[in-house]
Amino acid sequence: MNEEQHSIWDYLVANAQGMNNAKHIGDIAEAIGQQPYGTNNDNVRIWIKDMVLNHSSQIGTCHNGAFIILTDSEREEAALFLERNYVADAVRRNGNYIP
């Protein structure tokens, strides 16, 4: 992990253990000293995604932000949240049917 990812992990461990303590991505960015980037702190989102996919970090996301996954139910809720968002993005990307 890079320096920023270590900072994200440390922040989440200290402040966002469990879904009920999820932190908004903007708050995470501010806490680790990152300026807003992209449409919604895209750099922080990319780092978190990489942490989950490539570093086996136990991080989940929900409507309230990112959090450290503590239970099986939180892990499943985080997975379902991503499935719903993935489908929603595909629907938006696919546009309207025009005969």
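Nothing in this text is a laboratory measurement; each read-out follows from the coordinates by a stated rule. Predicted model, so just to flag it, every value in this text is computed and none were measured.
Return one number: the angle in degrees, 0 to 90 and rounded to the nearest 10, between the long axis of the Cα atoms of helix 72-94 and the longest principal axis of the Cα atoms of the chain.
Tilt of helix 72-94: around 40 degrees.
If only Cα atoms are counted, what is the Rg of the chain, and what is its Dmax, in Å?
Just the Cα atoms of the chain yield Rg and Dmax of 14.6, 54 Å.
Suppose a student asked you for the relative contact order of the chain, using Cα pairs under 8 Å spaced at least 6 residues apart; what percent would you report?
Rounded, it is 30 percent for the chain.
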